[in-house]
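Novice: Submitted below is the structure of interest, expressed as structure tokens.
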Amino acid sequence: MKWDVAIAGALGVLIGGGIYQLASMVSTRYSGLIEHPLGIAIIFLILLGIAIAEMPVMLFGLKKIAASTTPRPFLLGTHLVFVMFASVYAAIFVLLTGQIIWGWLLALVIVARFFTGALFK
């Protein structure tokens, strides 16, 4: 992994962590809209499915950007947002359900997204 991609990914992880932390703090003040265990499981699976399903599409796009003459900062910014956006799904889940621990499982998709930076040259 090139150092600039690693730094962009690390910034994405930090920003994503901040987004998730903010959502977790807000969710402790308010109860979730969805409290039924089946509803929580369905929302979790839907958001996890979206977070995982978009990875191949984004990776394809990022590899095309890396191979083209597009300026490097555009690739780095896109990678940063790609890594960070997994926390948005986790934040939505936490705000809807109030389940912080399950939200962490959604947020762990950030780790997989960060290490996909090794695919770019």
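The values are calculated or read from the model by the stated rules, or taken from the named source; none is laboratory data. The shown structure was predicted, so the numbers you read here are calculated from the model rather than taken from an experiment. Methodologically, a virtual Cβ is constructed for each residue, glycine included, from the backbone with ideal geometry; neighbour enumeration extends over all protein chains shown.
Novice: Among the residues of the range 26-38, is any hydrophobic (A, V, I, L, M, F, W, C), in a helix (DSSP H, G or I) and crowded, with 18+ Cβ neighbours inside 10 Å?
Specialist: Looking only at the range 26-38, we keep the residues that are hydrophobic (A, V, I, L, M, F, W, C), and these are 26, 33-34, 38.
Narrowing the set further to residues that are in a helix (DSSP H, G or I) leaves 26, 38.
This time we only want the ones that are crowded, with 18+ Cβ neighbours inside 10 Å, so: none.
Within the range 26-38 (the criterion being hydrophobic (A, V, I, L, M, F, W, C), in a helix (DSSP H, G or I) and crowded, with 18+ Cβ neighbours inside 10 Å), the answer is no, since none of the residues qualifies.
Novice: Okay, next question. List, please: which pairs have Cβ atoms under 6 Å, are six or more places apart or on different chains, and start with a residue in the range 75-90 that is within 26 Å of residue 101 (Cβ to Cβ) and among the small types (Gly, Ala, Ser) and end with one that is modelled with pLDDT of 95 or more and surrounded by fewer than 19 Cβ atoms within 10 Å (Cβ to Cβ)?
Specialist: Taking only residues 6 or more apart or on different chains, the pairs are 87/19.
Novice: Here's something else I'd like to know. Only one residue in 90, 112 is within 18 Å of residue 27 (Cα to Cα) and within 12 Å of the chain's Cα centre (by Cα). Which one? Spell out how you get there, then give the answer.
Specialist: Values: 112 fails: within 18 Å of residue 27 (Cα to Cα).
Of 90, 112, the one residue that is within 18 Å of residue 27 (Cα to Cα) and within 12 Å of the chain's Cα centre (by Cα) is 90.
Novice: A follow-up question, please. Which residues, taken from the range 1-25, are surrounded by fewer than 16 Cβ atoms within 10 Å (Cβ to Cβ) and either over 15 Å from residue 115 (Cβ atoms) or not basic (Lys, Arg) (or both)?
Specialist: Applying the first criterion (surrounded by fewer than 16 Cβ atoms within 10 Å (Cβ to Cβ)) to the range 1-25 yields 1-4, 6-7, 10, 14, 17-18, 21-22, 25.
Selection gives 1, 3, 4, 6, 7, 10, 14, 17, 18, 21, 22, 25.
Novice: Of the residues 60, 74, 82, which is crowded, with 16+ Cβ neighbours inside 10 Å, among the aromatic types (Phe, Trp, Tyr) and in a helix (DSSP H, G or I)? Full working, then the answer.
Specialist: Values: 60 fails: crowded, with 16+ Cβ neighbours inside 10 Å; 74 fails: crowded, with 16+ Cβ neighbours inside 10 Å.
On inspection, the qualifying residue turns out to be 82.
Novice: How do the pairs read when you match residues in the range 51-70 that are within 12 Å of residue 83 (Cα to Cα) with residues anywhere that are in a helix (DSSP H, G or I) and at pLDDT below 90, using Cβ under 6 Å and keeping only pairs 6 or more apart or on different chains?
Specialist: Close Cβ pairs satisfying both conditions: 59/116.
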